[in-house]
Amino acid sequence: MSINRGTASYGDQGFSLFLRKAFARHMGHDAEDFEKPVIGIINTKSEINRCHAHFDSISEAIKRGVLMAGGVPLEFPTISLGESFTSPTSMLFRNLAAMDTEEMIRAQPIDGVVLIGGCDKMTPAQLMGAASADIPSIMVSGGPMRNGQYEGKTLGACSDCRFFWQEYRSGTITEEELENINESLAPTSGHCMVMGSASTMAAAAEAMGMTLPGTAAVPATENKLLNIAQKAGQQSVTLVKQQLTPSKLMTKKAFENAIKMIMAVGGSTNAIIHLIAIAGRLNIKLPLELFDEIGRETPFIANLRPAGKYQMEDFYYAGGVQAVIKELEPVFHMEERTVTGNTHAGNLVGQSFPKNYGEVIYTFDKPLFDGGGIAVLKGNLAPDGAVIKPKAASVNLLKHKGRAVVFESVEDMEAKVNDPELDVRADDVLVLKNTGPIGAPGMPEAGMLPIPKKLLEEGVRDMVRLSDCRMSGTAFGTVVLHVAPEAAAGGPLALVENGDMIELDVEERRLNLCVEETELVQRKSRWSSPVKKSARGYTKLYQERVLQADKGCDFDFLTGGDLSGADDR
């Protein structure tokens with residue numbers, strides 16, 4: 001089968017096959033082995049990407065499953081992006097990881113592929129690459145960490161990283177206490193154990209049918225994860241025989257299911273960018289208005305941090321994504337197919353869930369909140385949209401009008417935010433510019449701007465903050481993100497000046513700069529981008545070809561076509 005794929009690489013197909021057989025024998029294979037389905041396993045294990053440090057055992061379990069089903073497993077590496085150790089931001093390299101994934105799937109003689117993802121950008125990057133390559137694919141998530149503990153309090157990375165750092169800056173905890181807390185924030189293998197970007201994308205992948213049922217919430221240290229990995233290896237062989245490819249599973253309705261899932265679990269705002277990018281690879285458009293429409297209609301039912309009380313370990317014991325799908329049956333596209341070959345409805349047959357999960361997963365009829373976890377804003381400050389997590393914000397700030405305190409860049413913010421002479425009040429709006437896809441570059445997770453130190457010392461813990469960058473899915477506060485077009489592209493955000501009044505009304509989905517249009521026109525005539533673009537390498541490519549946040553931040557040459565007229569299937 002696949003050993004014959006692409007064998008004309010030496011200009012002589014017969015010789016290419018002859019050579020390929022010889023090199024395969026070095027690994028102990030007979031020529032007959034490659035008449036079986038050959039399954040590639042993308043192992044993104046890395047000692048720098050600590051969220052993926054445990055992936056070797058997952059890969060071995062997948063291999064067992066492939067062999068049990070009569071296939072031949074072949075493991076290979078691709079880029080591995082870890083959020084904490086990648087500079088300046090892992091988002092800068094998501095598209096590079098997606099390209100690596102796509103091209104290695106295309107280039108190598110495999111019939112199907114198992115993707116092992118985990119940390120924030122890896123799941124979307126792998127799904128983007130798999131969508132473009134479009135051979136039978138199945139995803140396994142590396143799983144979240146177990147809960148941390150400190151003096152009887154449950155800790156969760158990295159919501160508590162941010163919470164306790166803010167308290168340390170305010171002077172309410174000591175450096176010694178901070179160090180003791182630090183020791184317990186990331187206690188096991190796995191990605192962040194709150195509903196941050198990693199768990200949100202794992203949940204979205206399961207809702208789209210790209211993982212086996214029950215995959216997304218299994219902790220990294222749970223024995224069941226290896227069992228799921230083994231079953232995924234087995235199922236990958238079946239997918240090859242059925243030729244069930246990503247384009248047949250990730251339909252428009254499948255993406256709508258993913259959006260419903262992230263709304264129901266209070267997922268990360270980053271998922272909006274990632275889902276748009278994955279869909280774009282299949283020429284499916286997901287306008288921001290669709291997210292807002294689904295968000296208004298989908299009940300918020302998972303009581304998970306940072307918007308709720310519990311963490312991924314608790315979510316797993318409560319039934320995880322499958323329990324949420326069960327509750328969402330009235331609005332979920334239950335007829336959509338999954339990697340099992342069955343529909344979501346079929347997958348639920350015979351499943352049972354804990355009877356007492358109501359503390360963690362509420363019911364459709366009696367949700368935690370009526371609306372979903374993310375809202376889309378528009379107005380003259382964000383003509384192409386911006387996003388906010390209302391349930392992670394302060395209720396009293398969801399309708400607010402305040403004076404702009406402007407930072408021109410992250411460096412400008414860092415230089416000023418702790419200055420006791422900074423002209424700032426609690427009812428002001430902190431504005432950060434030039435941190436979008438082009439401006440930063442890479443749209444870092446700087447959107448949860450630190451509260452100025454002098455206000456922290458007065459007891460202030462939240463303010464309206466807005467920017468053209470992102471924030472971690474583990475973060476919280478009244479934070480407006482993904483303002484598009486970004487400042488570096490000449491969007492209205494670039495024109496905001498200190499003292500301008502900004503109006504936020506989440507209920508009305510409105511974000512406006514209260515400055516006369518004639519004044520904005522004059523400011524625009526004087527404006528020039530302060531961003532110095534890279535002169536070489538990947539960053540140059542990125543800044544020249546990246547799309548804006550409302551289009552998914554993919555490269556313009558990697559989408560399935562013009563997203564303004566994309567397929568609605």
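On the basis of being in contact (Cβ under 8 Å) with a residue 60 or more places away in the chain, closer than 23 Å to G190 by Cα and either not in a helix (DSSP H, G or I) or not small (G, A, S) (or both), does L81 make the cut? Judged against the criteria, L81 is not a match. I'd like the residue in region 309-346 that is small (G, A, S) and surrounded by fewer than 22 Cβ atoms within 10 Å (Cβ to Cβ) and, out of all such residues, is nearest to the chain's Cα centre (by Cα). Within region 309-346, the match that is nearest to the chain's Cα centre (by Cα) is G319.
Taken over region 195-215, the residue count meeting the criterion of being surrounded by fewer than 24 Cβ atoms within 10 Å (Cβ to Cβ) and of a type in the set (D, E, K, R) is 0.
Among the conditions (1) open to solvent by 40 Å² or more (accessible area, probe 1.4 Å); (2) farther than 19 Å from V360 by Cβ, the only one that I181 does not satisfy is (1). Of all residues in region 38-55, those that are open to solvent by less than 20 Å² (accessible area, probe 1.4 Å) and in a loop (DSSP other than H, G, I, E, B) have Cβ atoms under 8 Å from Cβ atoms of residues that are among the acidic types (D, E) and at pLDDT 95 or above, 6 or more apart or on another chain, in N43/D56; N43/E75. Within region 453-472, restricting attention to residues that are buried (at least 24 other Cβ atoms within 10 Å of the Cβ) and either in contact with a Cys (Cβ under 9 Å, 6 or more places away or on another chain) or part of a loop (DSSP other than H, G, I, E, B) (or both), the residue that is modelled with the lowest pLDDT is S472. If only one of S90, S84 is out of contact with any Cys (no Cβ under 8 Å at 6 or more places or on another chain) and among the small types (G, A, S), which one is it? Result of the check over S90, S84: S84. Restricting the search to helices (runs of 4 or more DSSP H) fully inside region 119-216 and requiring at least 2 residues that are over 23 Å from G560 (Cα atoms) gives 159-170, 175-182, 197-207. Of everything in region 508-564, what is touching a residue at least 40 places away in the same chain (Cβ under 8 Å), closer than 14 Å to P441 by Cα and part of a helix (DSSP H, G or I)? Give them in sequence order. Within region 508-564, Y538, T539, Y542, Q543, A549 meet the criteria.
Of the residues G148, G152, which is among the small types (G, A, S) and surrounded by fewer than 16 Cβ atoms within 10 Å (Cβ to Cβ)?
G152
Among residues of region 364-391 being among the charged types (D, E, K, R) and assigned to a loop (DSSP other than H, G, I, E, B), the one that is least open to solvent (accessible area, probe 1.4 Å) is K389. I want to confirm something. Restricting to region 56-99 and keeping residues that are among the β-branched types (V, I, T) and open to solvent by less than 50 Å² (accessible area, probe 1.4 Å), which single residue is farthest from the chain's Cα centre (by Cα)? So the residue we want is V72. Here N257, N223 are screened, and the one residue that is more than 18 Å from G129 (Cβ to Cβ) and either in contact with a Pro (Cβ under 6 Å, 6 or more places away or on another chain) or surrounded by fewer than 22 Cβ atoms within 10 Å (Cβ to Cβ) (or both) is N223.
For R281, are the conditions met, namely being surrounded by 21 or more Cβ atoms within 10 Å (Cβ to Cβ), out of contact with any Leu (no Cβ under 8 Å at 6 or more places or on another chain) and closer than 23 Å to K121 by Cα? Taking the combined requirement at face value, the residue does not satisfy it. For S352, the conditions (1) in contact with a Phe, Trp or Tyr (Cβ under 7 Å, 6 or more places away or on another chain); (2) modelled with pLDDT under 95; (3) in a loop (DSSP other than H, G, I, E, B) all hold with the exception of (1).
The values are calculated or read from the model by the stated rules, or taken from the named source; none is laboratory data. Bear in mind the structure is a predicted one, so any value in this text is a computation, not a measurement. Here Cβ is always computed from backbone atoms with ideal geometry, including for glycine, and neighbour counts include all displayed protein chains. The area values use the complete protein model at the heavy-atom level, side chains included, leaving out ligands, DNA and RNA. Shrake-Rupley method; radii C 1.70, N 1.55, O 1.52, S 1.80 Å.
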